[in-house]
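J.: This is the structure, below, for whatever I ask next.
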Amino acid sequence: MATAMKIISPLMRNAIAFSSKVCILAKQTHFKINIVANPLRVVTCAFHTSTSQRGLMEFFEEKNMWGEDKIKCGRPWRIDELRLKSSEDLHKLWYVLLKERNMLMTMEHEYVRECELFPSPERMEKVEHSMENLLEVIKERDEAYNMLEHPQTKPEGRVVRNALGIKYFRKCREQAVPMHVNKTYRLLHPPYEKWKGKYLSLYYEKRRLEKRKAAKRELRNRRKLQEKYPHLTEDDLDAAFDNKIQ
Amino acid sequence: MLLSLVEYMRRQWIENETFTMKSWCVYQRTTRTNNDVEDFLRLCSLKCHIVVSEIDIMRLTQITCSYFKKYIEREIKKSTGVEFWKPIQGWRRVGRKRWHYNEHRPWTDAAKDTNTIFRQHNKEYLEPVKEWKIFKGDRVEILTGKDRGKQGIINSVVMERNWCFVEGLNCKYSAINKTSTSPGQMNKEEKPLLVTSEVSLVDPSDNKPTPVEWRYTEEGDKVRVSARTGRVIPISKTAEGEAEDYVNAKTYQVQEKDTREDELKKVTFKPKLTTFEQDIFEKMGIKDDRPRAKTYWY
């Protein structure tokens, strides 16, 4: 990077000189701008690594696609396929996907502004899905390295009380500072006080009633299903309600 | 006639003692209609039903990549309600709780129209199906209705309702633009049939309906087998290659932005004892010798 900057910096200086010249020339005669502006483009190219360079128009779809009903594209990257790629490739792919997502967001905004339907909106989910998969692969690799080089005991989680005194299971996370220094953690998990007990008992009662209601609802659904389809056995109904088919 | 109307208006509205001018005149007022009241009542009625937490878990065809499920969930959430941020409670949602599935797919406008807040639908009690056996492109025989005994090919399947549509059969005819002078136009519409009881697969050896089972061949493939004769009933080619997003991988043409298959399968990963960041640093020539800081898990 440093060496690249060394090469670029004299060019940059030229570019600045050129750009100031352009301003002066533009005031005098505006047909000369095109001739002088060419070296500027050469300089900015040095920052790019992608093959297509369309400037700000990269935020938009290609012109021949504008106003079409449907735009075809392939499926998202699967996690197995991403596992084959080196970290350099993943790094590049991340920026390809990011650019694509930016493009889709601008296009969606533009279509909404023009009061038209955005073609193939599922492309956004495709890009997001592959981005999630990519992050997961990186996480896997980093975890494997950490397990080898910096073995650490990672507790899974524990039951804690939140600011209202309600108990819940908190998953352990990696933190930069210990618990007694962490300000946000201490704010969210203050010590339990006695006066909260009165409200907690009311809260737990409400939760119990909700659970009972849900159980009753399930029983009612079960009876209706049995009424409608008398040939169903108990096992069929159990399987149906366990898998939440209904 | 007109004079009497004017007289009535004057007597009833302007010179009345019970209804004074102030009570109904909207001059120089912000609220001129009762829309606000209606909106308030609507919100009240929604809040009585308790705010929605999750949309019912959906059953889709073959799940090859889960992006499409997420897309449908998003479309359903967008069209059924609104999400808003409340200071202490966090993200809250007001809207319809249950999605009513019908012959239209959830992301189409026709399906969204049937699921507006003002439409009421009764809950459907579906017969639970353990193993799905009927797919697009299968030859089936209809067991009920006026087309009983006729055979046809399946057009489309709606798994959320245990429905299938047979091409050109079990139709409803209706007249459009019918008046006393002209007969209008006839419209033909296929009606859904239940997969569990109203339709049966056809055995290819004798073209008669049979019950079907899933079994394994000696090569380990899962196939449908006729329980009566033991003949394999193959799945049609249209249903075989089609994923849940209705894209057939066999007929799909590679587009400009797609990754080529040889590039997709190329293995560039070499195992190394570095993290992702260290590897990228190495490639870009960035040096970072700082010792790793201690972290805490809680």
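The values are calculated or read from the model by the stated rules, or taken from the named source; none is laboratory data. Remember, it's a predicted structure, so these values are computed and weren't measured experimentally. For neighbour counting, all protein chains shown are included, and Cβ atoms are generated from backbone atoms with ideal geometry for every residue, glycine included. Note: areas computed on protein heavy atoms with side chains; ligands, DNA, RNA excluded. Shrake-Rupley method; radii C 1.70, N 1.55, O 1.52, S 1.80 Å.
J.: Within region A:73-82, restricting attention to residues that are under 19 Å from the mean Cα position of the chain (by Cα) and charged (D, E, K, R), which residue is least open to solvent (accessible area, probe 1.4 Å)?
T.: Within region A:73-82, the match that is least open to solvent (accessible area, probe 1.4 Å) is A:Arg78.
J.: Which of the numbered conditions does A:Leu97 fail, given that it passes all the others? Conditions: (1) at the interface with chain B (Cβ under 10 Å from one of its Cβ atoms); (2) open to solvent by less than 30 Å² (accessible area, probe 1.4 Å); (3) assigned to a helix (DSSP H, G or I).
T.: Only one criterion is unmet by A:Leu97, namely (1).
J.: Could you please give the count of residues in region B:105-116 that are more than 14 Å from every other protein chain (Cβ to nearest Cβ) and open to solvent by 60 Å² or more (accessible area, probe 1.4 Å)?
T.: 1
Each row is one residue, and each column tells you yes or no for (1) under 32 Å from the mean Cα position of the chain (by Cα); (2) under 30 Å from A:Val181 (Cα atoms); (3) exposed (fewer than 12 other Cβ atoms within 10 Å of the Cβ); (4) at the interface with chain A (Cβ under 10 Å from one of its Cβ atoms).
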{"position": "B:Glu218", "(1), (2), (3), (4)": "no, no, yes, no"}
{"position": "B:Lys222", "(1), (2), (3), (4)": "yes, no, yes, no"}
{"position": "B:Lys237", "(1), (2), (3), (4)": "yes, no, no, no"}
{"position": "B:Ala249", "(1), (2), (3), (4)": "yes, no, no, yes"}
{"position": "B:Gln255", "(1), (2), (3), (4)": "yes, no, yes, yes"}
{"position": "B:Asp288", "(1), (2), (3), (4)": "no, yes, yes, no"}
{"position": "B:Trp297", "(1), (2), (3), (4)": "no, yes, no, yes"}
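J.: Does A:Ala144 qualify as being among the aliphatic types (A, V, I, L, M) and assigned to a loop (DSSP other than H, G, I, E, B)? Full working, then the answer.
T.: Details: among the aliphatic types (A, V, I, L, M): yes; assigned to a loop (DSSP other than H, G, I, E, B): no.
Spelling it out, it is not the case that A:Ala144 is among the aliphatic types (A, V, I, L, M) and assigned to a loop (DSSP other than H, G, I, E, B).
J.: So which residues in region A:60-72 are assigned to a helix (DSSP H, G or I) and either open to solvent by less than 90 Å² (accessible area, probe 1.4 Å) or on the phi > 0 side of the Ramachandran plot (or both)? It would help to see each step written out before you state the result.
T.: Step one: list which residues in region A:60-72 are assigned to a helix (DSSP H, G or I), which gives A:63-65.
Listed by number, the list holds a single entry, A:Met65.
J.: From B:Cys164, B:Cys171, which residue is open to solvent by less than 20 Å² (accessible area, probe 1.4 Å), out of contact with any Phe, Trp or Tyr (no Cβ under 7 Å at 6 or more places or on another chain), over 27 Å from B:Gly230 (Cβ atoms) and not charged (D, E, K, R)?
T.: None of the others qualify; the one that does is B:Cys171.
J.: Consider region A:121-156. How many of its residues are of a type in the set (Ser, Thr, Tyr), at the interface with chain B (Cβ under 8 Å from one of its Cβ atoms) and more than 22 Å from B:Ala293 (Cβ to Cβ)? Can you show your working first?
T.: If we filter region A:121-156 for residues that are of a type in the set (Ser, Thr, Tyr), which is where we start, we get A:130, A:145, A:153.
The next check asks that each one be at the interface with chain B (Cβ under 8 Å from one of its Cβ atoms); those that pass are A:145, A:153.
Subsequent filtering for residues that are more than 22 Å from B:Ala293 (Cβ to Cβ) retains none.
Count: 0.
J.: Which condition from (1) modelled with pLDDT of 90 or more; (2) surrounded by 13 or more Cβ atoms within 10 Å (Cβ to Cβ) is the one that B:Thr179 breaks?
T.: (2)
J.: Still on this structure, please answer the following. Among the candidates A:Tyr185, A:Tyr199, A:Tyr229, which residue alone is among the aromatic types (Phe, Trp, Tyr), more than 36 Å from the chain's Cα centre (by Cα) and within 14 Å of chain B (Cβ to nearest Cβ)?
T.: Values: A:Tyr185 fails: more than 36 Å from the chain's Cα centre (by Cα); A:Tyr199 fails: within 14 Å of chain B (Cβ to nearest Cβ).
None of the other options fit; the residue is A:Tyr229.
J.: Kindly provide the set of residues from region B:275-286 that are at the interface with chain A (Cβ under 7 Å from one of its Cβ atoms), more than 43 Å from the chain's Cα centre (by Cα) and within 19 Å of A:Met147 (Cβ to Cβ), ordered by number. Before you say what the answer is, go through the steps one by one.
T.: Of all residues in region B:275-286, those at the interface with chain A (Cβ under 7 Å from one of its Cβ atoms) come to B:275-276, B:279-280, B:283-286.
Still in the list and also more than 43 Å from the chain's Cα centre (by Cα): B:279, B:283-286.
Listed by number, the list holds a single entry, B:Asp279.
J.: From the residues in region A:118-159 that are among the polar types (S, T, N, Q) and under 25 Å from the mean Cα position of the chain (by Cα), which one is nearest to B:Thr274 (Cα to Cα)? Write out each step before concluding.
T.: Within region A:118-159, the first condition is being among the polar types (S, T, N, Q), and the residues that meet it are A:120, A:130, A:133, A:146, A:152-153.
Filter once more, keeping what is under 25 Å from the mean Cα position of the chain (by Cα): A:120, A:130, A:133, A:146.
Values: A:Ser120: 40, A:Ser130: 23, A:Asn133: 20, A:Asn146: 9 Å.
Looking at the filtered set, the residue picked out is A:Asn146.
J.: Only residues in region A:142-169 that are closer than 14 Å to B:Lys272 by Cα count as the first member; pair them with residues that are open to solvent by 70 Å² or more (accessible area, probe 1.4 Å), Cβ under 9 angstrom, at least 6 apart or cross-chain, and list the lot.
T.: Between residues of region A:142-169 that are closer than 14 Å to B:Lys272 by Cα and residues that are open to solvent by 70 Å² or more (accessible area, probe 1.4 Å), the close pairs are A:Asp142/B:Glu277; A:Tyr145/B:Lys272; A:Tyr145/B:Leu273; A:Tyr145/B:Gln278; A:Asn146/A:Gln152; A:Leu148/B:Leu273; A:Glu149/B:Leu273; A:Glu149/B:Arg292.
J.: Continuing with the same structure: Consider B:Lys265 against the criteria (1) more than 10 Å from chain A (Cβ to nearest Cβ); (2) touching a Leu at 6+ places or on another chain (Cβ under 9 Å): it satisfies all of them except one. Which criterion is unmet?
T.: Failed condition: (1).
J.: Please state which of the following conditions A:Val159 fails to meet, knowing it meets all the rest: (1) exposed (fewer than 15 other Cβ atoms within 10 Å of the Cβ); (2) within 11 Å of chain B (Cβ to nearest Cβ).
T.: It fails just one condition, (2).
J.: In addition: Could you list, in sequence order, the residues of region B:64-104 that are out of contact with any strand residue (DSSP E or B) (no Cβ under 8 Å at 6 or more places or on another chain), open to solvent by less than 90 Å² (accessible area, probe 1.4 Å), at negative phi and more than 12 Å from chain A (Cβ to nearest Cβ)?
T.: If the condition is that a residue be out of contact with any strand residue (DSSP E or B) (no Cβ under 8 Å at 6 or more places or on another chain), open to solvent by less than 90 Å² (accessible area, probe 1.4 Å), at negative phi and more than 12 Å from chain A (Cβ to nearest Cβ), then B:Ile76, B:Ser79, B:Trp99, B:His100, B:His104 are the ones that fit.
J.: Could you list, in sequence order, all residues of region A:179-203 that are of a type in the set (Ser, Thr, Tyr) and open to solvent by less than 70 Å² (accessible area, probe 1.4 Å)?
T.: As a first pass, look at region A:179-203 and keep what is of a type in the set (Ser, Thr, Tyr): A:184-185, A:192, A:199, A:201, A:203.
Once the filter is applied, which keeps residues that are of a type in the set (Ser, Thr, Tyr) and open to solvent by less than 70 Å² (accessible area, probe 1.4 Å), region A:179-203 yields A:Tyr185, A:Ser201.
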